[in-house]
Amino acid sequence: MGPGPSLVCSVTLNSALPPEQQRLYQDPRVVQRLLREVKTVAVVGLSADPQRASWFVANYLKKAGYRIIPVNPKADEILGERVYRTLADIPEPVDLVNVFRPAAECLAVAQQAVAIGARALWLQLKLVNLEAAELAGKAGLTVILDRCIKMEHGRYAGRLHLAGMNTELISARKARLT
């Protein structure tokens, strides 16, 4: 019998970024550092609809212990938190700006993130805007592109294994972010 289809496969997240930009904007050490150090996350484009990815991700982050600040011009309260119309309206420091808006809107969000003194800009899975990334990076923000913060947190906190996901990490002990 000849070789048949393999039952073993590696589940990886494809990225629209070429390898050199993946190293720049998706470095696992940088992702892990952010997940450890960040406390306050402004979620731009957070929906009030529990069926939307932004709501699901923000709910997960809130349950994981992060302070979530919703940014949405069409809502007053999401996940029990007061909603702000823009990043500039937030009256407290923001560590990370997590973006759920179309790529074409990300440059304006990056400009706002720089203006409020955020430490990091994270464009969600399948979001790539190199102009926004370069602007934020030149202003000193750490930038992550085309990655889901929930999936990355689950990967490094040892939670994706419970769902049968291959996290590409081999270890005999559970990873710790703190």
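The values are calculated or read from the model by the stated rules, or taken from the named source; none is laboratory data. Computed from a predicted model, the values in this text were never measured in an experiment. Because the Cβ atoms are built from the backbone with ideal geometry, glycine has one as well, and the counts that use them run over all protein chains shown.
Assorted remarks:
- Considering residues of the stretch 145-165 that are in contact with a helix residue (DSSP H, G or I) (Cβ under 9 Å, 6 or more places away or on another chain) and not in a helix (DSSP H, G or I) only, the residue modelled with the lowest pLDDT: Met165
- Subset of the stretch 31-51 [among the charged types (D, E, K, R) and under 20 Å from Pro102 (Cβ atoms)]: Asp49
- Residue within the stretch 94-103 that is surrounded by fewer than 16 Cβ atoms within 10 Å (Cβ to Cβ) and modelled with pLDDT under 95 present: no
- The set of residues from the stretch 112-131 being within 15 Å of the chain's Cα centre (by Cα) and either assigned to a helix (DSSP H, G or I) or of a type in the set (A, V, I, L, M, F, W, C) (or both) comprises Ala113, Ala118, Ala120, Leu121, Trp122, Leu123, Leu125, Leu127, Val128.
- Total residues in the stretch 115-145 satisfying the condition of being in contact with a Leu (Cβ under 8 Å, 6 or more places away or on another chain), of a type outside the set (Gly, Ala, Ser) and crowded, with 20+ Cβ neighbours inside 10 Å: the figure is 10.
- Members of the stretch 52-68 that are farther than 15 Å from Arg101 by Cβ and of a type outside the set (Phe, Trp, Tyr): Asn59, Leu61, Lys62, Lys63, Ala64, Gly65, Arg67, Ile68
- Among the conditions (1) in contact (Cβ under 8 Å) with a residue 40 or more places away in the chain; (2) part of a helix (DSSP H, G or I), the only one that Val94 does not satisfy is (2).
- Output for the stretch 31-67, where each listed residue is surrounded by fewer than 16 Cβ atoms within 10 Å (Cβ to Cβ), part of a helix (DSSP H, G or I) and not charged (D, E, K, R): Ala53, Phe56
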